[in-house]
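Undergrad: One structure, as structure tokens, below. Some questions next.
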Amino acid sequence: MKEVTLKFLGTGTSHAIPMIGCKCETCTSADPKDTRTNSSLLIQKEGENIIIDCGKDFRNQAINADIDNLSAVLLTHNHSDHVSGIDDLRVFNRLQNKPVPIFGKADHLETLKNYTFHYLFSDETQKGGGIADLQMNSIKNNVEIEGIDFEVLDVIHGKIEIFGYKFLNCAYISDVSCIPEKTLAKIRDLDILIIDALRFREHSTHFNIRQALNIVEAVKPKKTYFTHICHDIMHSKVDPLFKDKKSEYFTEHDVSLAYDGLEIKVMKH
Ligand SMILES: [Zn+2]
Ligand SMILES: [Zn+2]
Ligand SMILES: [Zn+2]
């Protein structure tokens, strides 16, 4: 059995927290658990690093987590809070003298390569002047990286179809407003479910806390972490509600808010 560490590099929504110009109690909180950068997960196995998503905060996340090598990047979708850090992946070409493989949905990768980050792939960009060695690999079902099988989970995020990932009996679904039946069947009885729970109020492209709890009741993971959280949620006020029998958000299941820097150990058989 090998130990694998999951580390939350970021657990915030696109604006991240503190949000520019906001003086709410979460954005001005002294609790480090209320500082949330763009959602991203680091999967560490024997010194090898795999990340899910690479957003606007990637550079600082990588420095804080001391990431000096990268085996692969898995992308959920191409919104800025999940892909803007791709520009900073060039550094890893130099650090490890090999390409950085990026895995994701075919049409998302096409857009990133041909539009968003065209200069990283263009022959007209000079070597040493910005061209990167990034391998774009479109996937539909599974990919094995560093001996870990990653299975694509098709989910709906507003009007678009995007990916979550299942690996080591854990699932990571950071941006979701609807989980199709076919995907629900794949996430029953997990050891760990990491799932979008933006806020209490409803939202057109994200689960709110009630909807995320409904998924927990349906698929019964041993442990659940909520992520992609906005500033409506103050950690110290909301995290205890899931265990408070007097709260409407009480659940018999083991549910916690994730926070930046949280580490979980999982076993690879
Ligand atoms: Zn997002
Ligand atoms: Zn705020
Ligand atoms: Zn998104």
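The values are calculated or read from the model by the stated rules, or taken from the named source; none is laboratory data. Remember, it's a predicted structure, so these values are computed and weren't measured experimentally. Glycine also receives a Cβ, built like all others from the backbone with ideal geometry; neighbour counts cover every protein chain displayed.
Undergrad: Please find, within the range 61-87, the residue that is farthest from Ala106 (Cα to Cα) out of those that are within 14 Å of ligand 3 (Cβ to nearest atom) and among the β-branched types (Val, Ile, Thr).
TA: Val83
Undergrad: Which condition number in (1) of a type in the set (Asp, Glu); (2) surrounded by fewer than 22 Cβ atoms within 10 Å (Cβ to Cβ); (3) within 16 Å of ligand 1 (Cβ to nearest atom) is the one that Asp196 fails?
TA: Exception for Asp196: condition (2).
Undergrad: If I ask for residues that are touching a residue at least 40 places away in the same chain (Cβ under 8 Å) and not in a loop (DSSP other than H, G, I, E, B), which ones from the range 127-151 would you list?
TA: Correct list: Leu134, Val143, Ile145, Ile148, Phe150.
Per-residue answers, yes or no, for (1) of a type in the set (A, V, I, L, M); (2) within 16 Å of ligand 1 (Cβ to nearest atom); (3) buried (at least 22 other Cβ atoms within 10 Å of the Cβ):
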residue: His206; (1), (2), (3): no, yes, yes
residue: Ala218; (1), (2), (3): yes, no, no
residue: Lys222; (1), (2), (3): no, no, no
residue: Thr227; (1), (2), (3): no, yes, yes
residue: Lys243; (1), (2), (3): no, no, no
residue: His253; (1), (2), (3): no, no, no
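Undergrad: Right, another one. Quick check on Gly158: is it buried (at least 20 other Cβ atoms within 10 Å of the Cβ) and within 16 Å of ligand 1 (Cβ to nearest atom)?
TA: So Gly158 does not fit the description; no.
Undergrad: Continuing with this model, one more query. Within the range 9-48, how many residues turn out to be in contact with a strand residue (DSSP E or B) (Cβ under 6 Å, 6 or more places away or on another chain) and either within 16 Å of His77 (Cβ to Cβ) or away from ligand 2 (no atom under 16 Å from the Cβ) (or both)?
TA: The qualifying residues number 10.
Undergrad: If you don't mind, another one. Name the residue, out of Asp34, Asp57, Asp53, that is surrounded by 18 or more Cβ atoms within 10 Å (Cβ to Cβ), touching a residue at least 12 places away in the same chain (Cβ under 8 Å), out of contact with any Leu (no Cβ under 9 Å at 6 or more places or on another chain) and among the acidic types (Asp, Glu).
TA: Exactly one of Asp34, Asp57, Asp53 is surrounded by 18 or more Cβ atoms within 10 Å (Cβ to Cβ), touching a residue at least 12 places away in the same chain (Cβ under 8 Å), out of contact with any Leu (no Cβ under 9 Å at 6 or more places or on another chain) and among the acidic types (Asp, Glu), namely Asp34.
Undergrad: Turning to a different aspect of this structure: Return a yes/no flag: does the range 78-88 have any residue that is of a type in the set (D, E, K, R), surrounded by 21 or more Cβ atoms within 10 Å (Cβ to Cβ) and within 16 Å of ligand 1 (Cβ to nearest atom).
TA: Taking every residue of the range 78-88 in turn, at least one turns out to be of a type in the set (D, E, K, R), surrounded by 21 or more Cβ atoms within 10 Å (Cβ to Cβ) and within 16 Å of ligand 1 (Cβ to nearest atom).
Undergrad: State yes or no: is Thr35 polar (S, T, N, Q) and under 17 Å from the mean Cα position of the chain (by Cα)?
TA: Yes: the conditions hold for Thr35.
Undergrad: Hey, does the range 2-10 have a residue that's within 16 Å of ligand 3 (Cβ to nearest atom) and aromatic (Phe, Trp, Tyr)?
TA: no
Undergrad: Just the residues that are closer than 15 Å to Val216 by Cβ and free of Cβ contacts under 8 Å to residues at least 40 places away in the same chain, please, taken from the range 184-196.
TA: Leu184, Ile187, Arg188, Asp189, Leu190, Leu193, Ile195, Asp196
Undergrad: Take residues that are modelled with pLDDT under 95 and tell me which of the helices (runs of 4 or more DSSP H) falling wholly in the range 41-109 contain 2 or more.
TA: Details: elements: 58-64, 80-83, 90-96.
By residue number, 90-96.
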